[in-house]
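Have a look at the structure below before the remarks.
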Amino acid sequence: MAYETIIVEIEDHVALIKLNRPDALNALNDQLMSELCKALKEAQANEKVRCIILTGSDKAFAAGADIKMMSGKGFVDVFTEDLFGPESEAIMGIRKPIIGAVSGYALGGGCELAMMCDFIIASDTAKFGQPEINLGVMAGLGGSQRLTRFIGKSKAMDMNLTGRFMDAEEAERSGLVSRVVPVKKLLEEARNAAEKIAEKSMVTTMAVKEAVNRSYETTLREGLLFERRVFHSLFATEDQSEGMAAFVEKREPQFRDK
Ligand code: CO8
């Protein structure tokens, strides 16, 4: 399908989705969010795709929700249309792993979109921020919730209240991103990680994603029980037999997603 605000490239088992509104630093408008959701659902349905990379440009992953689109709206508009609500739910419904490859600005909704990915690989030029307070509003897609769980209350408050930006080094130190690489290596690093994931059993990969995400939704005791039961259930798969047999026989496993 032809898109106008994103570019989708599928190579081997990896779908690369690139946000592409360069004139607006990839600001998230209705069209971009709708196209992004369609592309993610297509990647989910495409049996060839085993991992997704979401990225932007060198200058901006995304500089936030589109302020020009929002500036004329009132409460009744954003409330009744549930601005970006269905899209964020749809992104959370994607069961294949999504790696956020972030370079440049990841601000407001851009930072929040990056946090919807399963993990973030950042370039050394990445800048994260929740500057909505400067516009007389606040985070609306996870900046006061996910960010607080990811980096703790003090830093989340600091970022949301002052609107200051966090560089890549601080973001890694704080646990917001998993790795930082030179900007020229960003996509290569993300692709290597995606290809590593693509080698695994898709059944196991989806179970891991579900279990880690569950840790944000429940108590430790419930989460541990959920994890243990999912672990047990993987013993119903052929890939568990194959993975363990391959280890014992000192060979590479041949997973079949069964
Ligand atoms: N929305 C719309 N257009 C934008 C945005 C944006 N968020 N960010 C940048 N642009 C546009 C600029 O208007 C400019 O366009 P033009 O050339 O037509 O004037 C173009 O992109 C380039 O931007 P700049 O000239 O400003 O570039 P600089 O390099 O000077 O500055 C910055 C880069 C620092 C990133 C600056 O553009 C900036 O501060 N942008 C806004 C950042 C921001 O405030 N983001 C938060 C937006 S609000 C939000 O994200 C809410 C999310 C929650 C939604 C919840 C729904 C439930």
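All of the numbers you see were taken from the coordinates with simple rules; none came from a lab. Computed from a prediction, not measured in an experiment: that's the story for all the values here. Every residue, glycine among them, receives a Cβ derived from its backbone with ideal geometry; neighbour counts consider all protein chains shown.
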**Request:** At q = 0.13, 0.14, 0.15 Å⁻¹, work out log10 I(q)/I(0) for the chain with the Debye formula, treating every Cα as an identical point scatterer and leaving solvent out; two decimals please.
**Result:** -0.86, -0.99, -1.12
**Among Ala246, Ala39, Ala198: highest mean-square fluctuation, GNM of the chain, C-alpha pairs under 10 Å** = Ala246
**Request:** In whole Å, largest first, what are the principal axis extents of the Cα atoms in region 99-142?
**Result:** 30, 20, 7
**Message:** Can you return the lysines within cross-link range of Lys200? Criterion is Cα-Cα under 18 Å, with same-chain partners fewer than 8 residues away left out.
**Reply:** Lys48, Lys96, Lys209, Lys250, Lys258
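Roughly what % antiparallel, to the nearest 5, for the DSSP beta bridges in the chain?
Details: 9 of 31 bridges.
Rounded to the nearest five, the antiparallel share is 30 percent.
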**Item:** Among Leu16, Ala139, Leu161 the positive-end extreme of the charge dipole of the chain (Cβ point charges)
**Value:** Leu161
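Would you mind ranking His13, His232 by Cβ crowding within 10 Å, fewest neighbours first?
Ordered by Cβ neighbours within 10 Å, fewest first: His232, His13.
Rounded to the nearest 500 deg cm²/dmol, what is the calculated helix-only ellipticity per residue at 222 nm for the chain, with -39500 (n - 2.57) per DSSP H run of length n ≥ 4?
-13000 deg cm²/dmol, from helical runs alone.
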**Asked** To the nearest 20 debye, what charge dipole does the chain have about its Cα centre, counting +1 at the Cβ of each Lys and Arg and -1 at the Cβ of each Asp and Glu?
**Response** 580
**Prompt:** When a footprinting reagent is the concern and you count Cβ atoms within 10 Å, what order do Thr219, Thr162 take, fewest first?
**Reply:** Thr219, Thr162
**Request:** In whole angstrom, note down how far apart the Cα centers of region 164-199 and region 18-93 are.
**Result:** 20
**Message:** Placing +1 on the Cβ of each Lys and Arg and -1 on the Cβ of each Asp and Glu in the chain, which of Leu36, Leu25, Ser88 has its Cα farthest towards the positive end of the resulting dipole?
**Reply:** Ser88
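Between Val230 and Asp257, what is the FRET efficiency for a Förster distance of 22 Å, r being their Cβ-Cβ separation, to the nearest 0.05? Numbers along the way, then the final one.
Details: r = 16 Å, r/R0 = 0.74.
My answer for the efficiency is 0.85.
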**Complete:** Computed ³J(HN,Hα) along region 166-183: with the Karplus parameters 6.51/-1.76/1.60, θ = phi - 60°, integer Hz and x for glycine or proline, the list is 10, 7, 5, 5, 5, 5, 6, 4, 8, x, 6, 10, 8, 8, 10, 9, x, 3
**Prompt:** What ranking of Arg173, Arg21 emerges when the number of other C-beta atoms within 10 Å of each C-beta is taken as an exposure proxy, fewest first?
**Reply:** Arg173, Arg21
**Request:** From the P(r) of region 200-249, can you give the percent of Cα pairs sitting at distances over 19 Å?
**Result:** 32
**Request:** Return the lysines within reach of Lys68: Cα separation strictly under 30 angstrom, same-chain partners fewer than 8 residues apart disregarded; answer none if there are no such residues.
**Result:** Lys18, Lys38, Lys41, Lys59, Lys127, Lys155
